[in-house]
Amino acid sequence: MKVEFAPLNIQLVRRLQTVAVLQWVLKYLLLGPMSIGITVMLIIHNYSFLYIPYLMWLYFDWHTPERGGRRSSWIKNWTLWKHFKDYFPIHLIKTQDLDPSHNYIFGFHPHGIMAVGAFGNFSINYSDFKDLFPGFTSYLHVLPLWFWCPVFREYVMSVGLVSVSKKSVSYMVSKEGGGNISVIVLGGAKESLDAHPGKFTLFIRQWKGFVKIALTHGASLVPVVSFGENELFKQTDNPEGSWIRTVQNKLHKIMGFALPLFHARGVFQYNFGVMPYRKAIHTVVGRPIPVRQTLNPTQEQIEELHQTYMEELRKLFEERKGKYGVPEHETLVLK
């Protein structure tokens, strides 16, 4: 295979974009495990003056990711994030105004390999979110395991990420006076194993906890489709029943997160690496589904609202797919 190298005369701004995305990918893949490893080494070598104060802090601060986190405007405003957004680029599209006196749950689809559109639109301060949804604060919910990583958890919270636990989502959408948006990548880690270019497989039928929370607190549901999310990486072929998928499913069941075997481009060549491709992402926020507060929803009420949500999700995809390069014959596969 002939290696296609990046030209030397690339504009500086494009190099800055590459650096911005590279640092994000490396943090995503490495910093969590590294932070745990460093902490273990400090304990093994008895650097108690470092780890004891921090572990004490961690004990008292353990539930902060379930109580709105601890975001830093300074970090969310780093110029680095502007280059991150422009690398793809990432776009946010609104289909209808939302009432800032209410709270909302945005269901983000698909997960893709790294949920890049979710981070780029609802976490950093360089998306069009504030202009499109004035009066709102968005909270991107991620796996609780990110907050089990010492020190790294502080960085994760600084960019506005919070836990995806039931307690955390309930805390956000129960705010009096409204103005909160909980963004949940509903397909989760399992959906990442079906993140192949040109495919639109979503894991949604068995996830109904978000619907119950919406009913309990009267938070409106909003489907969000991120076109281009599955085009950023190529994943090793892993159909259901294959030995690769069997191993991935077992690891997911044991560890709680998936391990997709993916690749895209490199920093200095375009053939292989962990850098995502420069593919545009268009994240479309659909119409809100009004939800009447029901403190003790029945299973029938949950099923009915869940079905309505899936219908609205499918409708949004069908209405917008042609505009963002999806062939007319393609449709959502809801599992």
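Considering all C-alpha pairs of segment 1-105, those separated by over 23 Å amount to 59%.
For segment 257-335, the Cβ-based charge dipole about the Cα centre amounts to some 540 debye (Lys, Arg positive; Asp, Glu negative; other atoms uncharged).
The slack in the chain from Asp99 to Met255, taken as 0.36 nm per residue of separation less the alpha-carbon distance, amounts to 52.3 nm. When Arg71, Arg205, Arg265, Arg320 are compared by accessible area at a 1.4 angstrom probe, the order from most to least is Arg205, Arg71, Arg320, Arg265.
Under the convention that each Lys and Arg Cβ holds +1 and each Asp and Glu Cβ holds -1, the size of the dipole of segment 12-334 around its Cα centre is about 660 debye. Shape analysis of the chain based on the Cα gyration tensor places the equivalent ellipsoid semi-axes at 30, 27, 21 Å, largest first. Relative contact order for the chain: 23 percent, from Cα pairs under 8 Å spaced at least 6 residues apart, divided by residue count. Calculated mean residue ellipticity at 222 nm for the chain: -11500 deg cm²/dmol, from DSSP H runs with n ≥ 4 weighted as -39500 (n - 2.57), summed, divided by the residue count and rounded to 500.
For Ile244 and Leu143, calculate 0.36 nm times their separation in residues minus their Cα-Cα distance, and state this gained length in nm to one decimal. Kindly include the intermediate steps, with their values, before the conclusion.
Details: separation 101, 0.36 × 101 = 36.36 nm, distance 2.33 nm.
Extra length available between Ile244 and Leu143 comes to 34.0 nm.
Whole-percent P(r), segment 200-298, all Cα pairs, 5 Å bins from 0: 2, 10, 12, 15, 15, 14, 14, 9, 5, 2, 1, 0.
Candidate cross-link partners of Lys166 among the lysines, defined by an alpha-carbon separation under 16 Å and a same-chain spacing of 8 or more, comprise Lys175, Lys208, Lys212. Of the peptides 147-153, 59-65, the ranking by mean beta-carbon count within 10 Å, highest at the top, reads 147-153, 59-65.
Please sort by residue number the chymotrypsin sites (Phe, Trp or Tyr not before Pro) in segment 251-335 whose DSSP state is loop and whose Cβ has at most 16 other Cβ atoms within 10 Å.
On the way: sites: Phe257, Phe262, Phe268, Tyr270, Phe272, Tyr277, Tyr309, Phe317, Tyr324; in loops: Phe257, Phe268, Tyr270, Phe272, Tyr277.
Counting only loop positions with at most 16 other Cβ atoms within 10 Å, the chymotrypsin sites (Phe, Trp or Tyr not before Pro) in segment 251-335 are Phe257, Phe268, Tyr270, Phe272, Tyr277.
Here the chain has 61 percent of its accessible surface on carbon and sulfur atoms, given a 1.4 Å probe and all protein chains in place. Taking a Cβ cut-off of under 9 Å around Tyr171, the surrounding Lys, Arg, Asp and Glu residues balance to a net charge of +2, with basic ones at +1 and acidic ones at -1.
Strictly over 20 Å apart at the Cα level, which of Lys76/Lys199; Lys82/Lys315; Lys279/Lys323 would you flag in this model? Each step should come with its number before you reach the end.
Numbers: Lys76/Lys199 32 Å; Lys82/Lys315 32 Å; Lys279/Lys323 15 Å.
Going by Cα-Cα distance, Lys76/Lys199; Lys82/Lys315 fall outside the 20 Å limit.
The values are calculated or read from the model by the stated rules, or taken from the named source; none is laboratory data. For clarity, every value in this text was computed on a predicted model and none was experimentally measured. Neighbour counts run over all protein chains shown; Cβ positions are idealised from the backbone, glycine included. Please note that ligands, DNA and RNA were not included when accessible areas were found on the heavy atoms of the full protein model with its side chains. Shrake-Rupley method; radii C 1.70, N 1.55, O 1.52, S 1.80 Å.
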